[in-house]
Amino acid sequence: PSTDAIVCAGGDGTLHTLINALPDPSGVPIIQLPTGTANLLARAINLPCDPAALLAIIESGHTARFDLMRINESRCGLLVISVGFDAQVIEEIENSREGALGFRGYFKPILNTMRGYREPRLLVRCDEEEDFTEGGMVVIGNVKPYAAFFSITDQARYDSGLLDVCIIPDARKRALLRLIPTARRGQLSRSEKVIYRQVRKVTIKTAG
């Protein structure tokens, strides 16, 4: 039997799991009832949290095209991919998470990560450039929201056909903390402290 649409209730992680479980994520419309913590997708396209309002969208038949990121030819990403400090925090959360997280649930993993954090040295190549750019943290975004209070890929559009890439050359702890006010204003792409690109392909490897 054919499927008219898939409705998932959850956060961004639930959506990520669903997309990677489908043989063809573009084959059927997907809509989310945002019940997670950050709900980046819902914030990017203004999805309502009210089930009745969500049902009205479904009944209207309105759909939107959303770019899909291919990761290492085996996984799909829809919202944000990162390498560096943020990715280490997510790994810490995955290793210790029990049940619902909430914003307060991020505090302990962030502190634990900061205690043993050493800035990685990453080499980043955008599209088919010959030279790699060196950085300590890389965020690839398909949407503007990054977390509850700030944005890193603040020029991203989910239907642009391009990946917004923010390379942070100096990703030591103090340097990252200094970037937070600019990120909260949604102006990190204008900062001289980052390298901001819009590309179709990104290659990242560790230096050394």
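The values are calculated or read from the model by the stated rules, or taken from the named source; none is laboratory data. Keep in mind the model is a prediction, meaning the values are calculated, not measured. Ideal geometry is used to build each Cβ from the backbone, glycine not excepted, and the neighbour counts take in all protein chains shown. The accessibility values were calculated without ligands, DNA or RNA, using every heavy atom of the protein model including side chains. Shrake-Rupley method; radii C 1.70, N 1.55, O 1.52, S 1.80 Å.
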remark   = Within the stretch 186-195, the residues that are open to solvent by 40 Å² or more (accessible area, probe 1.4 Å) and either closer than 21 Å to Arg121 by Cα or in contact (Cβ under 8 Å) with a residue 12 or more places away in the chain (or both) are Gln187, Glu192, Lys193, Ile195
Residues satisfying the stated conditions in the stretch 92-136, i.e. at pLDDT 90 or above and hydroxyl-bearing (Ser, Thr, Tyr) = Thr133
message = Just to check your reading of the model, which residue among Thr37, Thr113 is part of a helix (DSSP H, G or I), closer than 29 Å to Pro181 by Cβ and β-branched (Val, Ile, Thr)?
response = Thr113
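Could you tell me which residue of the stretch 41-59 is nearest to Gly186 (Cα to Cα), considering only residues that are outside any helix (DSSP H, G or I) and either in contact with a helix residue (DSSP H, G or I) (Cβ under 9 Å, 6 or more places away or on another chain) or of a type in the set (Asp, Glu) (or both)? Working first, answer last.
Step one: of the stretch 41-59, the residues outside any helix (DSSP H, G or I) are 46-50.
Going one step further and asking which of them are either in contact with a helix residue (DSSP H, G or I) (Cβ under 9 Å, 6 or more places away or on another chain) or of a type in the set (Asp, Glu) (or both), we end up with 47-50.
Details: Leu47: 21, Pro48: 23, Cys49: 24, Asp50: 27 Å.
Result: Leu47.
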ask   = Under the condition of being over 30 Å from Asp127 (Cβ atoms), surrounded by 14 or more Cβ atoms within 10 Å (Cβ to Cβ) and of a type in the set (Gly, Ala, Ser), which residue from the stretch 33-83 is modelled with the lowest pLDDT?
value = Gly36
request  = Of all residues in the stretch 150-184, count the ones that are out of contact with any Phe, Trp or Tyr (no Cβ under 9 Å at 6 or more places or on another chain), within 19 Å of Gly36 (Cβ to Cβ) and in a loop (DSSP other than H, G, I, E, B).
outcome  = 1
request  = Would you point out the residue of the stretch 133-149, among those that are in a loop (DSSP other than H, G, I, E, B) and within 14 Å of Leu41 (Cα to Cα), that is farthest from the chain's Cα centre (by Cα)?
outcome  = Ala148
task = Select, from Val139, Val89, the only residue that is modelled with pLDDT under 90 and within 20 Å of Asn39 (Cα to Cα).
result = Val89
